[in-house]
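One structure is given below, encoded as structure tokens.
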Amino acid sequence: MPELKLIAATRIVATPAALDAAAWPQGALALRVAPDEALVTAAITADMVDDPHAIVEHDTGFVGAWVESDEALDFLERSCEWELPRERPAFAQGSVAGLPVKLWLEEDRVLFLVPVPYATDLEERMS
Amino acid sequence: MSVPADNLMTHDQSPRLIVDGEPVEFSAGDNALVAMLRAGLHPTGGGCLCLAGDCPHCVATVDGVSYVRTCQVAARPGMVIKRHPLNGAPPLPLNDRPGPDTIARHLHCDVVVIGMGESGQAAAAEAQRNGRRVIALDAAAGQEVIGIYPGPLVVARTGDGMLHVHPREEITIATGAAEIHPVVPGNHLAGIVTARAATQLASAGVDLGRVVAVGTLPEGLAAEQADGELIRFEGDERVEAVVMRDAQGDELRMACDTVSIGLGLSARDALLRMGNGIVAVRVVGEAARSSDIPPCPKAGMVCHCAGVTVDDLESVRERGFHELELVKRATLAGTGTCQGSVCLPYVRSFLADRGEALQPPFTARPVTRQLTVGEVAAGSYHQATPRTALDDEHRRLGAQMERAGGWWRPWNYGNTDREYWAVREAVSLGDVSTLGKMQVSGPDALELLERLYPTKVATLKPGRSRYVLLLDERGYVMDDGLICRDDETRFTLTFTSGGSSFAELWVRDWAEGWGLDVRLLNQTMSLGAINVTGPLSHELLARAGLDDPPQYLHHKIATVAGVKCQVFRLSFTGEVSYELHHSVADSVALWRRLLKLGADLGIKPHGIEALLKLRLEKGHIVVGQDTDFDSTPRRINHEWAMKLDKPDFVGRQAILRTNKLPLDRQLTGFEMEGPAPIEGELIWKGSDYAGDVTSSAFSPVLGKAVMLGWLKLFDDELPVEVTINGRPARRVPTPFYDPEGARARA
């Protein structure tokens, strides 16, 4: 299990339309964690979101690790009751090993994200 | 007893397993039961064997696991089998328990087919042709389904752990039919097998001796047909003869070594009866058949698992138990190892014979097999307790960690008194990262908060904070915290550590229900928070670069010790206090720098134990500890936190109504000499029960015990003199310490 590392990201809460229309920086992962919330792995400023009341906050509240696909799927088969999306890439979130985990699934690897307060538990449960 | 590994093969290399400490040879393809029968051993001493996993007569302890159906496990060299005592339960292993490390694998499909006989294979093929994703589970392949649960979820036991199969559309039951066992005197003897079992044993080369067949003849072996009505089996431990009665009423005794039983088939439908109503369940093949009903038993053991005889059935029936479900409950027939596979046809037959309509089989419930603790626990995780970013720091400083408010928190750092006095006389740090923190923004943000909170939010100016109660519709206190106004349309809310998750749902639910245009961001786990408290807090913050800290109940964004913080001035301890909210990535750096900067100021971190004492001296409540489920602001003496002249807020109508009722009890302060009583101690007025203590501590600064507690009114008055723990105590106003709040506002 690779070491979980702090993820520098931005959390944006805005109208769904504003999030739909936003253009995120090239190479950033933009995870739509809710219709009105996105977690983007880049520095985002308020002027990038067309919503004057948007909450745009730099966030270090998640840790994450990339895991090779085979290893990740083996772990998820043992620890995740819900069905993973079959397309790639895909975003999914829910209880994994009893923890609130967000997943970014690519063909050959999977990004596990978990709130910092559960980092130790995820490391223990993945090892 | 242990057997050396090199002793597990005979000289001609036949593999061996160990039964009750003795090596037993087996042949390739044998299951454990066949191996034992080949050696003339019956796993439980007696009882009709089916070799199909239906009956309770072949269970044994295999490799330390009790109640294993030996007909369902392949024989392995070195397998250790302990036979179960006849008509008794095996002793639980005390030192040899299987570890709770059994894994569960989750599989997803459209259709799960249970049983891969002819009908199961056909059903699976049909589903696949229709484009369905199919998972097939087959006991013969080592996948033993033990239950169907809501979800739907089908759980199967395998040699490698548990399978948790989640079908989207359908569960197809293709489990076939079980053979009906005999119920007559002597059915506990060894040497009785079902017709299918006789065929299997013969084909495996087990010497059955002289075989007499009752009912359907077994295939593939020579057997003497016994005609007439089965009366009893005779023998001493092992069957020696079967006694039949012919049409003329004469008994015919037939000597034998083995009796083959062909009394008909009963649908193997326990999973069907379990899954009905949970999900679409389809049954195919023999499992869908109407079960044969055997003749009503006249004598003998009906349920070997629970030791229920025909006489027992008669007894409960005479006492008024005429329904199948009631008979099951009264006798426990059908609740044991085989879950009714053997007894159910006979109980139905018995009731029908006594004039009751033939009743459908009773509802089946998981699980159908005895499981180990590890198998039951497979795939489950204990609830994780989150840790703040400072968790390692606390442990490094020797903190005793406890779960409090749903988080791991430092209870103390080894010396609560020193921590306490550091707050009262010097400066101290507390990790309050666990507090709920939520941002609210939007054109309707003020409207939302006005409707939610009983305070007048509109009067709160940007940069100011206010203590607030959060009430439910009945006017009961759910939580408390702060409203901090950042600008005209943006606010920061704080909640208690334990109440923050529900409070977030509460705020979101109301915002959505009212259709208000707001944005909500929960930052509880993204932001750390350090409380700097004590009379030297100003000095410490000045050293950390904050020369112009906010005034009491104000807040501002500032850089403290190189870390960007939102600084809130408030006080829970009764001393000058600042909460520094910051990115969790900076928590450790901020904590360490502050400790270093305050080293010569006598700085020490304080834990929850000291904090609870400090806040009690100020009379501050802890929601959930000092409040009950029905605590109104009036009952907790917090009417000052509520503005009833507001047009409306959640709980207002209920409070207006209940305020018309006489007050029955109130949360009040008490003091007494001597040590503090325990929390929960009863309060007495003379010999009358008067209430109970919710918070209690000996106050070092006041030199006496101080308490909060619920006190009943007597003749519309709160008594002043009471007794707690057999000692006199006095009701006093709160705060106990610094009632003017001069120290907190200094």
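The values are calculated or read from the model by the stated rules, or taken from the named source; none is laboratory data. Remember, it's a predicted structure, so these values are computed and weren't measured experimentally. Cβ sites come from the backbone with ideal geometry, for glycine too, and all protein chains shown count toward neighbours.
The figures follow:
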{"quantity": "Strands (runs of 3 or more DSSP E) contained entirely in the range A:55-127, each with at least 1 residues that are within 14 Å of chain B (Cβ to nearest Cβ), touching a Leu at 6+ places or on another chain (Cβ under 9 Å) and at positive phi", "calculated": "A:90-96"}
{"quantity": "Output for the range B:226-276, where each listed residue is farther than 16 Å from B:Val211 by Cα and of a type in the set (Val, Ile, Thr)", "calculated": "B:Ile231"}
{"quantity": "Residue check for B:Asp312: under 38 Å from the mean Cα position of the chain (by Cα) and surrounded by fewer than 21 Cβ atoms within 10 Å (Cβ to Cβ)", "calculated": "yes"}
{"quantity": "Per-region count, the range B:357-409, residues of a type in the set (Ser, Thr, Tyr), under 24 Å from B:Glu325 (Cβ atoms) and surrounded by 16 or more Cβ atoms within 10 Å (Cβ to Cβ)", "calculated": "1"}
{"quantity": "Filtered residues of the range B:555-611 (kept if more than 14 Å from every other protein chain (Cβ to nearest Cβ), in a helix (DSSP H, G or I) and among the hydrophobic types (A, V, I, L, M, F, W, C))", "calculated": "B:Trp591, B:Leu594, B:Leu595, B:Leu597, B:Ala599, B:Leu601, B:Ile608, B:Ala610, B:Leu611"}
{"quantity": "Matching helices (runs of 4 or more DSSP H) fully within the range B:386-495 where at least 2 residues are under 30 Å from the mean Cα position of the chain (by Cα) and modelled with pLDDT of 95 or more", "calculated": "B:391-396"}
{"quantity": "Meets criteria (of a type in the set (D, E, K, R), over 30 Å from B:Cys109 (Cα atoms) and within 13 Å of chain B (Cβ to nearest Cβ)) for A:Asp51", "calculated": "yes"}
{"quantity": "Any chance B:Ser428 is more than 14 Å from chain A (Cβ to nearest Cβ), in contact with a Ser or Thr (Cβ under 9 Å, 6 or more places away or on another chain) and among the hydroxyl-bearing types (Ser, Thr, Tyr)", "calculated": "yes"}
{"quantity": "Residue match in the range B:462-472 (condition: over 29 Å from A:Gly61 (Cα atoms), away from chain A (no Cβ under 14 Å) and out of contact with any Asp or Glu (no Cβ under 6 Å at 6 or more places or on another chain))", "calculated": "yes"}
{"quantity": "Those strands (runs of 3 or more DSSP E) lying entirely in the range B:680-733 with at least 2 residues under 21 Å from B:Ile608 (Cα atoms)", "calculated": "B:688-699, B:704-712"}
{"quantity": "When residues of the range A:2-26 are limited to those that are crowded, with 19+ Cβ neighbours inside 10 Å and under 14 Å from the mean Cα position of the chain (by Cα), the one nearest to the other protein chains (Cβ to nearest Cβ)", "calculated": "A:Arg11"}
{"quantity": "Options B:Val622, B:Val588; residue that is within 39 Å of the chain's Cα centre (by Cα), at pLDDT 95 or above, outside the structural domain of B:Ala426 (by TED's automatic domain parsing) and not acidic (Asp, Glu)", "calculated": "B:Val622"}
{"quantity": "Residues satisfying the stated conditions in the range B:322-344, i.e. hydrophobic (A, V, I, L, M, F, W, C) and either surrounded by 24 or more Cβ atoms within 10 Å (Cβ to Cβ) or in contact with a helix residue (DSSP H, G or I) (Cβ under 9 Å, 6 or more places away or on another chain) (or both)", "calculated": "B:Leu324, B:Leu326, B:Val327, B:Ala330, B:Ala333, B:Cys338, B:Val342, B:Cys343, B:Leu344"}
{"quantity": "Which numbered condition B:Gly398 fails, given (1) away from chain A (no Cβ under 14 Å); (2) out of contact with any strand residue (DSSP E or B) (no Cβ under 6 Å at 6 or more places or on another chain); (3) in contact (Cβ under 8 Å) with a residue 60 or more places away in the chain", "calculated": "(3)"}
{"quantity": "Unique residue being under 21 Å from B:His108 (Cβ atoms), within 16 Å of the chain's Cα centre (by Cα) and touching a residue at least 24 places away in the same chain (Cβ under 8 Å) when the list is A:Leu99, A:Leu113, A:Leu29, A:Leu73", "calculated": "A:Leu99"}
{"quantity": "Scan of the range B:129-183 for residues that are surrounded by fewer than 17 Cβ atoms within 10 Å (Cβ to Cβ), farther than 17 Å from A:Glu81 by Cβ and out of contact with any strand residue (DSSP E or B) (no Cβ under 7 Å at 6 or more places or on another chain), ordered by number", "calculated": "B:Arg129, B:Asn130, B:Gly131, B:Ala140, B:Ala141, B:Thr158, B:Gly159, B:Asp160"}
{"quantity": "Hits in the range B:433-454 - residues which are surrounded by 20 or more Cβ atoms within 10 Å (Cβ to Cβ) and away from every other protein chain (no Cβ under 14 Å)", "calculated": "B:Leu449, B:Leu452, B:Tyr453, B:Pro454"}
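Rundown of residues vs (1) closer than 17 Å to B:Pro182 by Cα; (2) modelled with pLDDT of 95 or more; (3) within 33 Å of the chain's Cα centre (by Cα), yes/no style:
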| position | (1), (2), (3) |
| --- | --- |
| B:Thr331 | no, yes, yes |
| B:Thr335 | no, no, yes |
| B:Gln339 | yes, no, yes |
| B:Val347 | yes, yes, no |
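Yes or no, residue by residue, for (1) out of contact with any Lys or Arg (no Cβ under 9 Å at 6 or more places or on another chain); (2) at positive phi:
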position: B:Glu179; (1), (2): no, no
position: B:Leu201; (1), (2): no, no
position: B:Gly215; (1), (2): yes, yes
position: B:Leu221; (1), (2): yes, no
position: B:Arg245; (1), (2): yes, no
position: B:Gly249; (1), (2): yes, yes
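Here is a yes/no grid of residues against (1) surrounded by 15 or more Cβ atoms within 10 Å (Cβ to Cβ); (2) under 30 Å from B:Leu702 (Cα atoms); (3) outside the structural domain of B:Val701 (by TED's automatic domain parsing):
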site: B:Leu546; (1), (2), (3): yes, no, yes
site: B:Gln551; (1), (2), (3): no, yes, yes
site: B:Val563; (1), (2), (3): yes, no, yes
site: B:Val567; (1), (2), (3): yes, no, yes
site: B:Gly574; (1), (2), (3): yes, yes, yes
site: B:Glu579; (1), (2), (3): yes, yes, yes
site: B:Arg592; (1), (2), (3): no, no, yes
site: B:Leu595; (1), (2), (3): yes, yes, yes
